[in-house]
Structure formats: structure tokens, C-alpha cells
Amino acid sequence: MTDADIAEVLKYKHDPLGYVQAMFPWGVKGGPLEKHPGPRDWQAQDLRDIGEHLSNPETRYKPLLMATASGHGIGKSADVGMICQWGMSTCANTRIVVTANTESQLRTKTMPEIGKWFRMAYNAPWWKPAAMHVASADPQAVGSWRLDATPWSENNTEAFAGLHNQGSRIIMIMDEASAIANKVWEVAEGVLTDKDTEILWLVYGNPTRNTGYFRECFRKYRNRWKTKQIDSRTVEGTNKETLQQMVDAYGEDSDIVKVRIRGMFPSMSAKQFIGTEDVDAARGRHLRPEQYEFAPKILTCDPAWEGDDMLEIGLRQGLYFRILATIPKNDNDLQVAAILAKHQDEQGAQAVFIDAGYGTGIYSAGKSWGRNWQLVWFGGESSNPAYLNKRAEIWGLMKQWLKDGGSIDDKDDALYQDLIGPETVGRSDGKIQLESKKDMKARGLPSPGKADALALSFAYPVSPAGIHKAPKREYDPLRR
């Protein structure tokens, strides 16, 4: 291309819609876009939104965060391809990182579509698309002016942590974002810190999960993200007849239609053990004292699992539950036992249940002081044959408690996330099994300590009789 051609391209630096309309062979007979007069309406709006953000000097160097949840077949990968081609062509030394839910998604779907748009553009000779990257055709710029497809890994986030390009442009794209671990999202936040840099963070996906960072773009973090939820039936080029057949078969408000067509998050993800709707209903639910004061008080302790976990002490009385204390991991069992004993005395709790995984030392200290505490082995045998182990059983009882009218603190967001986080594990014998804490962490979720503290209260039946009275003794463990 001539210098005049380059100047023509550069005038679209902050006008991606104008660039896309001018630089691709829309409607050209015999061409790959012969049947398309231009980008689809929602794609054009995406491009317009980016242009408005960058054209405004007041917002240009503020990161633009855009999240798109949609049904199938709307052309998400094409949107990504157009944006990447514009982004690379109109700003020297642009850096783009693209990731997806799996390496297979990147190799077989996302990157082939991106490569197609680089090859279709009138300035195609500027670029060298490959299977997992697109680089500048200029040998001197190949390392600094490029797009890289990077499979995500919660154990290897350097590709995101090291993405900096101060004074130029950064575009970070996540495809099928529902399945990308929270830890990757958290590390990706570091990309947003470069000064005087055009930064776009664009995420796309079918809203398959009702938990995780992608879900929170539309809920907890909605003030930061510009969000779109797109119904496949409203998009040009989708098969309206087939989509309507799905609606007729499953119902407008079914989760499969919400996720696959309407671009809405499901009421409950396919593997999610406790539904969001039940936890939403329990959050801040008002109870009259007579609805729970007759019930025994049960104190629970879920010790910290790893260094970044917290020890949780909870109290349940009938339909009422709250966390009494959240303490950083503490290996001094005597000190923790003293704190637990103090809460037992103050609350007059009839029973104390401790997770045996890391709580045996705490239990032993209490026993030496005459405390009748009870260890709960999560991996132990369930009294209900429908559940694989004790942990699954008590989570099942907690799930029913929520449905029966249980109340949790509406300000305790960590407890909320803990309750909706765990998923089930498919088993050939049909028994209900919860994923392990290790597997949750592999998905980028923390150990659900607060929810485990609530679940512990269902470990064994507790009689209202025999309210605990602290034994009188000269030795006070709290003063040790």
C-alpha cells in the first residue's frame, strides 16, 4: 500500500466502525462478504461504542471494559476478528492477547476466524497470520506489533501479568469467558494500569455459568463494565425457525433457552449444587424471634485449609445463621480453641462442631478443658445413602435449609459466593458428590470456608436441652 493508503487507514484510528465499513469487501460480487452489506447491527454498535470511548480525550486513556453475553450464532468471533484487524492496523506496535475457555477453542474456532478477517482486509499484506498469532509483516516490528493467542491457566498467568504497552494500545480478549478461572481475570486486571495507553478489555461468551467473574461483570461489577446481553432471535442471519422450535420445546424461561438463545444467565448452572435463587431469597430474609429462638444454638468452626484461607466460626439457631469470627490461618490450636470457647460461653451454645480436616488440635485442646466438642469428618460415611460422604450430606441439608426459609447476612458477600460456588461431580453410581476444595481452587474459586461453617451445623442432631454452662475452674484458657 502507498503512503496515501496508509494515511487513509490511520484516519480511522478512533473510528473502528468507519474502518470496518471501508476496509472489507462488503457486498462485492464473488467475494467472501458478497451477501453481507456490512457488520451486523450489534457488531456495528460494539464498534461504535469503542470509537466513542477513544474519540473522547477524557476517556481515551481510561480502560474500556466491555462484556457481551449472548445466545448462539450471533457472530462473536467475527466481531473479535474485525476489532483485532482494526486495532492492529490503526495503531503502531499494538499488542493483543486473545484467550478462550480451552486451547481447542482458540485453535479451531477463535483464531481461524481472526485470521480470516486479517486475510480479507484490503491491507492484508501488512500481516502474517499463523495458527496461534498474527504478526506484522515488517521484520523489525514482528516482536512488538502482534496478536498472540494464549491458552489460560490459573497456574501460569505470566502471559497476562506481563502484558504492558505504555503509550500505545493494548487489547485483551476473552472468548467463551464463563469458563475462564477467576484467578486469570484477577491477574489480567494488571493490564489496566499503564498510563497514557489505549486499553480495551473485551469479553464474550454464552452465559453458561451462574457463578464466576464473567457472571459478576453483569452483577457485582456492573458499574465497571459496559454490558450487552444479546438474544439470538434479534440478530440478522440466525435461523429464527430453529430457535423458535427450541423455545417451543423447552419454554421461554427454561435455562437452556436463557443460555443458548436469550443471552441470559441460568437460574442454576448445570453442575451448580445450590441455586442462586435460593441464596438470593435467603440473603437478608427477615425472621421474627419466635421463628428461631426456640431452637438450639450450634457453634461451628471451619479451620483454614491453606495459607490464603480464613478460619471461620459460625452460629446457627434454627433458621438463623451468622458468622461470628473470621480469622487468618492460625496454627496455634490452643489460641483458636480459646477463642472458640469464649464464643461458646457468650452464646450459650449447646453444641460445637469442628471440621476434623485441620481441627483435631483445636478439638483436643477443648477436650482437655472439659469441653464436649464434636469433630466432623467431611470424608466420613454419610447417614444418607444418596450422598457419597458426610460433606455432601451436610451440604444437602444446608441446601434444604435455605429452601425452608433460612436467613443469612445480606452484607456477607463472601458467604453468598461460597454457597453458590461448588459444583457436583458426575458419578456412575448416581451418588451426590461435591467437587473438592482443590478443584474449586483450580477454577479460581476460594475455599468455601463460610459456607462450610454453616454446613457443619447440620452434622448431627442437637437437642434444645442442656444449654452449655462454662465449668467453674481456676485455670482460664483465655489467659494462657
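Each reported figure results from applying straightforward, stated rules to the coordinates on display, with no laboratory input. The model shown is predicted, which means the values in this text are computed figures rather than measured ones. Cβ: placed from backbone, ideal geometry, glycine included. Neighbour counts: every protein chain shown.
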### Query
Taking a quarter of the surface of the convex hull around the Cα atoms of the chain, what do you get in nm²?
28.0 nm²
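Could you work out the local net charge near Val462, counting Lys and Arg as +1, Asp and Glu as -1, over the other residues with Cβ closer than 11 Å to its Cβ?
+2
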### Task
Using only the Cα atoms of region 1-119, each taken as one equal point scatterer with no solvent, compute I(q) by the Debye sum, divide by I(0), and report log10 of the ratio at q = 0.18 Å⁻¹.
-1.08
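If I stretch the segment between Glu186 and Thr227 completely, what's the gain in nm (0.36 nm per residue apart, minus their alpha carbon distance), one decimal?
Working: separation 41, 0.36 × 41 = 14.76 nm, distance 1.86 nm.
The Glu186-Thr227 span can extend by a further 12.9 nm.
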### Rounded, prolate or oblate (a/c below 1.5 giving rounded, otherwise prolate when a/b exceeds b/c) for region 288-377 by Cα gyration tensor
prolate
### Query
Using alpha-carbon pairs under 8 Å, 6+ residues apart, how would you state the relative contact order of region 95-193 in percent?
39 percent
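Suppose we take every Cα in region 276-479 and form the convex hull; what volume per residue is that in Å³?
Details: hull volume 24.9 nm³, N = 204.
Roughly 122 Å³ of hull volume per residue.
How large is the helix-only mean residue ellipticity at 222 nm for the chain, computed as the sum of -39500 (n - 2.57) over DSSP H runs with n ≥ 4, divided by its residue count, in deg cm²/dmol to the nearest 500? Walk me through the intermediate numbers first.
Values: 16 runs with 153 residues, N = 480.
The per-residue figure over the chain is -9000 deg cm²/dmol.
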### Message
Less than 27 Å apart at the alpha-carbon level, and either on another chain or at least 8 residues along: which lysines does that give for Lys109?
### Response
Lys29, Lys35, Lys76, Lys128, Lys183, Lys226, Lys228, Lys240, Lys258, Lys271
### Query
Can you give the convex hull volume of the alpha carbon atoms of region 399-455 per residue, in Å³?
87 Å³
### Query
What residue among Val97, Trp42, Val184 has its Cα farthest toward the positive end of the dipole of the chain, where the charges are +1 on Lys, Arg and -1 on Asp, Glu, each on the Cβ?
Val184
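What are the GluC sites (Glu not before Pro) within region 42-146 that DSSP puts in a loop, where the Cβ has at most 13 other Cβ atoms within 10 Å? Present the calculation step by step, with values, prior to reporting the outcome.
Details: sites: Glu52, Glu58, Glu103, Glu113; in loops: Glu58.
The qualifying sites are Glu58.
For the chain, list the DSSP H helices whose alpha carbon atoms reach 18 Å or more along the long axis and whose average Kyte-Doolittle value is 0.5 or above? Let's see the in-between values first.
On the way: long enough: 41-55 (21 Å, -1.13); 76-89 (20 Å, 0.19); 333-347 (21 Å, -0.43); 356-368 (19 Å, -0.18); 390-403 (20 Å, -0.69).
None pass (Cα extent of 18 Å or more, hydropathy at least 0.5).
Please report, in debye to the nearest 20, how large the charge dipole of region 276-479 is about its Cα centre when each Lys and Arg carries +1 at its beta carbon and each Asp and Glu carries -1 there. Intermediate values should be presented prior to the final figure.
Values: 26 positive and 30 negative charges, 104 e Å.
For region 276-479, the charge dipole is close to 500 debye.
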### Task
Quickly work out the Glu236-to-Asp439 label distance, labels modelled 7 Å from Cα along the C-beta direction, and quote it in nm with one decimal.
4.5 nm
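Can you figure out the FRET efficiency of Ala130 with Lys35, using R₀ = 41 Å and their beta-carbon distance, to the nearest 0.05?
Values: r = 28 Å, r/R0 = 0.69.
Computed FRET efficiency for Ala130 and Lys35: 0.90.
Roughly how many debye, to the nearest 20, is the charge dipole of the chain about its Cα centre, given +1 on each Lys and Arg Cβ, -1 on each Asp and Glu Cβ, and no other charges? Walk me through the intermediate numbers first.
Values: 60 positive and 62 negative charges, 81 e Å.
The dipole of the chain has a size of about 400 debye.
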### Query
For region 85-131 and region 214-288, what is the separation of their C-alpha centers, rounded to whole Å?
30 Å
### Query
Can you list the lysines whose alpha carbon sits under 16 Å from that of Lys390, skipping same-chain ones fewer than 8 residues off?
Lys399, Lys431, Lys437
### Query
When all C-alpha to C-alpha distances in region 3-262 are sorted into bins of 5 Å, what percent of pairs does each bin hold, rounded to whole numbers?
1, 6, 13, 17, 20, 18, 12, 7, 4, 1, 0, 0
### Query
For Asp253, Asp309, Asp49, what ranking results if the residue with the fewest other Cβ atoms within 10 Å of its Cβ goes first?
Asp253, Asp49, Asp309
### Task
Take region 339-425, drop everything but the C-alpha atoms, weight them equally and run the Debye formula without solvent; then report log10 I(q)/I(0) at 0.21 Å⁻¹ to two decimals.
-1.21
